[in-house]
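Below you'll find the structure, written out as structure tokens, and then a few comments.
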Amino acid sequence: MPRPIWKGAITFGMISIPVKLFGATESKDLAFNTLHKVCKSRLKQKRWCPVDDREVFQDEVVRAYEFTKDNYIEITDEDIESLPVPSKHTIELTSFVKSDEIDPVYFERSYFLEAEQIGGKPYALLMRALKTKDVVAIGKIALRNKESLCALRAGDNALMLETLYYPDEIRTADLQAEPEVLVSPQELTMALSLVEMLEEPFDPKKYHDEYRTAMLEMIEAKANGQEVVAAPETPLPKTVDLMAALKASLEAAKKGKPGAPVATEPEEPQEEVAVAF
């Protein structure tokens, strides 16, 4: 396990649980370097001071906030540490809610919480309570120069902490309203059958990053002097006849799932219902 990125305590009521926080995810994005096109040497980025007209090194760099145009307030580590914010070292649990009450758009990043040795029993008690009541705990944590709303939930073998965005950090979808379209009962029946055929428990192990795999294969081929040939792209289906497209989709799904139920269409034509997509 890497070094913890935060140490403190979870509190609820009069109970205190000393814990350590670890990142639960890591990016697998491929990193590219920039080279000089002529000599292929790797380029270096330098911090440059336009006033002194010279490179500035790390020990000369300070942190500052621009409070008005071209006017800055320097902020030191001591300034940040002296902030009168309890969440710097304490996650106070203020409420417990059902997890499905939190819109997924609020979730930001996931972390593991590990109990210090003396906090083992209250840690286990909190996990058991969250599982039994099927709820998540809401609190705040100061992390990475900001105080975040957070949700604690019981994972398989550890408490998980999810940082949450505040409402003013969520962008509103200022999109033009789509007009209502008429969907027939037959089309809706076929669509529901297709959803039922493809419905299954979520298994993340089934999925992998095909783009990254293809990129690594291409890099290896180029390193071995092989010519890279672009694969033809599969054309997107054109939905001209919606009912025909639904029937074709159902047939394709049935081939992949033997024994799948066959969609039945209403025998008598019925009125179309208005559905907004």
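Below are the figures for this structure:
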read-out: Geometric extent, Cα atoms of the stretch 90-144 - Rg, Dmax (angstrom); value: 12.5, 36
read-out: Rounded tilt (10° steps) of 210-223 against the dominant C-alpha axis of the chain; value: 70 degrees
read-out: 3J(HN,Hα) from dihedral phi, the stretch 32-39, Karplus parametrisation 6.51/-1.76/1.60, rounded to Hz, x for glycine, proline; value: 10, 9, 9, 10, 6, 4, 6, 9
read-out: Where labels lie 7 Å past Cα in the beta-carbon direction, separation of Glu78 and Cys49 in nm; value: 2.2 nm
read-out: Largest-first principal axis extents of the Cα set of the chain (Å); value: 77, 66, 43
read-out: For the chain, the longest site-free run once trypsin sites (Lys or Arg not before Pro) in DSSP loop states with at most 11 other Cβ atoms within 10 Å are removed; value: 172-237
read-out: Descending principal axes extents, the stretch 1-151, alpha-carbon based, whole Å; value: 63, 37, 34
read-out: Whether the stretch 157-204 is rounded, prolate or oblate, judged on the alpha carbon gyration tensor where a/c under 1.5 counts as rounded; value: oblate
read-out: Sites Cys39 and Asp70, calculated FRET efficiency, Cβ-Cβ separation with R0 41 Å, nearest 0.05; value: 0.60
read-out: Span from the the stretch 69-116 Cα centroid across to the the stretch 213-232 one, whole angstrom; value: 43 Å
read-out: Cα long-axis angle, helix 242-256 against the chain (0 to 90 degrees, to the nearest 10); value: 80 degrees
read-out: Prolate/oblate/rounded call for the stretch 153-250, Cα gyration tensor, a/c under 1.5 rounded; value: oblate
read-out: Helix 185-198 vs. the chain, principal-axis angle (Cα, 0 to 90°, nearest 10); value: 60 degrees
read-out: Alpha-carbon centroid distance for the pair the stretch 168-188 / the stretch 1-53, whole angstrom; value: 39 Å
read-out: The stretch 144-224: GluC sites (Glu not before Pro) falling in loop per DSSP and having at most 15 other Cβ within 10 Å; value: Glu180, Glu199
read-out: Rg/Rg_globular for the stretch 71-218, with Rg_globular taken as 2.2 N^0.38 Å and Rg from C-alpha atoms; value: 1.50
read-out: Amide H contacts under 5 Å for Trp6, placed H, 5+ residues apart; value: Leu21
read-out: Loop chymotrypsin sites (Phe, Trp or Tyr not before Pro), the stretch 1-84, which have at most 11 other Cβ atoms in a 10 Å radius of their Cβ (DSSP); value: Phe32, Phe57
read-out: Given charges at beta-carbon only (K, R positive; D, E negative), |dipole| of the chain in Debye; value: 1460 debye
read-out: The stretch 181-242: chymotrypsin sites (Phe, Trp or Tyr not before Pro) in DSSP loop, at most 11 other beta carbons within 10 Å; value: Phe202, Tyr207
read-out: Residue-by-residue Karplus 3J(HN,Hα) for the stretch 150-157, coefficients 6.51, -1.76, 1.60, Hz, glycine and proline x; value: 9, 10, 9, 9, 7, x, 5, 9
read-out: Additional length obtainable on full extension of the chain from Glu116 to Glu210, 0.36 nm per residue less Cα span; value: 29.9 nm
read-out: Computed helical MRE - 222 nm, the chain, DSSP H runs ≥ 4 contributing -39500 (n - 2.57), nearest 500; value: -7000 deg cm²/dmol
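Readers should treat all values here as calculations from the given coordinates under stated rules, not as data from a laboratory. Given the structure is predicted, the values throughout are model-derived calculations rather than measurements. Note that each Cβ is placed from the backbone with ideal geometry, even for glycine, and that neighbours are counted across all protein chains shown.
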